[in-house]
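Let me begin by presenting the structure, written as structure tokens, before commenting on it.
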Amino acid sequence: MSPRDTLISGQDNRMNYRSISDMNDAIVRNLHRLPRDIDLVVGVPRSGILAATLVSLTANIPMTDLDSFLAGRIYTSGITKRWAGLDRQASDMRKILVIDDSIIGGTAMRDAREKVVASGIEGDFIFAAVFGLTLQHEETDMVFEAVPHPRMFQWNFMHHVFLEQCCVDIDGVLCLDPTEEENDDGPAYEKFLAQARPLLGPTRKIGWLVTSRLEKYRKLTEAWLAAHDIRYDRLVMLDLPNKAERQRLGAHGSFKAEFYRKSDAILFIESEHQQALRIAELSGKPVLCVETNVVSYPNALSLPALEQAARNLPTRLRQVNSPGGRKAVAKKMARLLLGERGYESVKNRVKRPA
């Protein structure tokens, strides 16, 4: 299934986005589920180190990353909230929480378990993930929050496979915005375009770069993108003669929204909050704002949103009529009737044929 089809088949067509703040909230809500006598928090590289840091700071427990733990090293503490327990050695730790940011197939967590076993380190290990597709997974002892597909996280959306099906703004996302002095539509602006400071660095190809930069600056923009190894399928720029005309027309948001509305993109990644709201309203599709780390959605009954729903209807019907689609519908109904915990309980009791 393609990323676009995955989004179309998702619940309410919504991209499930979680920010670092959301991760912290999920951890705080679930601290009561953890044993009170945990000696050490171990983060599974790379994103699990973020989760381990938040647990460590919130619960005032020593932390380290998995490789350091296996080598017998833990992170030193500062003077804030200092207590004797923070200065213990790795060999003194007996109850250990190993945590990752999320789990899908379980490969990373399984590898972590195998490394711990192979190390011969003795202890009472608890394996957890902050986010999972469901609240239970065979490779973890607990999952803090269920976040189904399609989903993106603040700390990895620029490395996500969905990026190839996204429209992405340039200024404020891939590089810093120009200052008032730099934004003169002349020599200072050309210098900015050549020397713009990188911001978020994508490691995947971007589907569409959609910017309100003027078409006359295409070569400078393309040169900067090439210099920073940013890959993309198409660069869409505003074809107006100058900055004054762009300001007179107020074309920033409407230009981006019009292209996004007609494209097959599943998400627009925008730098500025008000523009994000405008693009969502005019396109009828979701917009992620990096300024607020919030996904904005259009009114479901707005004309653009209804247009997108009608456009996606044939794909939805094909999915529902396929064997996989019928199975997905059955699963959704079971979850609705039984609840997430009830569904997982029944699922675990059903023996699969050999």
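The values are calculated or read from the model by the stated rules, or taken from the named source; none is laboratory data. Source: prediction; values computed, not measured. Neighbour counts run over all protein chains shown; Cβ positions are idealised from the backbone, glycine included.
Would you confirm whether any residue within region 239-246 is more than 27 Å from Ile49 (Cα to Cα), of a type outside the set (Val, Ile, Thr), touching a helix residue (DSSP H, G or I) at 6+ places or on another chain (Cβ under 7 Å) and touching a residue at least 24 places away in the same chain (Cβ under 8 Å)?
Filtering region 239-246 for residues more than 27 Å from Ile49 (Cα to Cα) gives 239-246.
The next check asks that each one be of a type outside the set (Val, Ile, Thr); those that pass are 239-246.
Next cut, touching a helix residue (DSSP H, G or I) at 6+ places or on another chain (Cβ under 7 Å) only: 239-240.
The next check asks that each one be touching a residue at least 24 places away in the same chain (Cβ under 8 Å); those that pass are 239-240.
So far as region 239-246 goes, yes, one or more of its residues are more than 27 Å from Ile49 (Cα to Cα), of a type outside the set (Val, Ile, Thr), touching a helix residue (DSSP H, G or I) at 6+ places or on another chain (Cβ under 7 Å) and touching a residue at least 24 places away in the same chain (Cβ under 8 Å).
Which one of these is at negative phi, in a loop (DSSP other than H, G, I, E, B) and at pLDDT 95 or above: Ile269, Ile230, Ile279?
On the way: Ile269 fails: in a loop (DSSP other than H, G, I, E, B); Ile279 fails: in a loop (DSSP other than H, G, I, E, B).
When all the criteria are applied, what remains is Ile230.
State all residues of region 224-259 that are among the hydrophobic types (A, V, I, L, M, F, W, C), within 18 Å of Trp208 (Cβ to Cβ) and surrounded by fewer than 15 Cβ atoms within 10 Å (Cβ to Cβ); if no residue qualifies, say none.
We begin by selecting, within region 224-259, every residue among the hydrophobic types (A, V, I, L, M, F, W, C); these are 224-227, 230, 235-238, 240, 244, 249, 251, 255, 257, 259.
Checking which are within 18 Å of Trp208 (Cβ to Cβ) leaves us with 224-226, 230, 235-238, 251, 255, 257, 259.
Selection gives Ala226 alone.
Can you tell me which residue is surrounded by the fewest Cβ atoms within 10 Å (Cβ to Cβ) among those in region 177-215 that are part of a helix (DSSP H, G or I) and among the hydrophobic types (A, V, I, L, M, F, W, C)? Give the steps one after another, and end with the answer.
So the first thing to find is which residues in region 177-215 are part of a helix (DSSP H, G or I), and the list is 187-195, 215.
Narrowing further to those that are among the hydrophobic types (A, V, I, L, M, F, W, C): 188, 192-194.
Numbers: Ala188: 15, Phe192: 23, Leu193: 20, Ala194: 12.
Only one residue fits best here, namely Ala194.
Only helices (runs of 4 or more DSSP H) whose full extent lies in region 3-73 are considered here, and the ones with at least 2 residues that are in the same structural domain as Ala129 (by TED's automatic domain parsing) and modelled with pLDDT of 95 or more are 20-30, 47-59, 66-70. All of (1) on the phi > 0 side of the Ramachandran plot; (2) in a helix (DSSP H, G or I) hold for Arg218 with one exception: (1). If we keep just the residues of region 108-134 that are of a type in the set (Val, Ile, Thr) and within 22 Å of the chain's Cα centre (by Cα), which is nearest to Ala52 (Cα to Cα)? Among those that are of a type in the set (Val, Ile, Thr) and within 22 Å of the chain's Cα centre (by Cα), it is Val130.
Can we say Leu225 is more than 24 Å from Ser21 (Cα to Cα) and either touching a Pro at 6+ places or on another chain (Cβ under 6 Å) or modelled with pLDDT under 95 (or both)? Against the criterion (more than 24 Å from Ser21 (Cα to Cα) and either touching a Pro at 6+ places or on another chain (Cβ under 6 Å) or modelled with pLDDT under 95 (or both)), Leu225 does not qualify. Residues being more than 22 Å from Glu190 (Cβ to Cβ), acidic (Asp, Glu) and crowded, with 22+ Cβ neighbours inside 10 Å are entirely absent from region 273-283.
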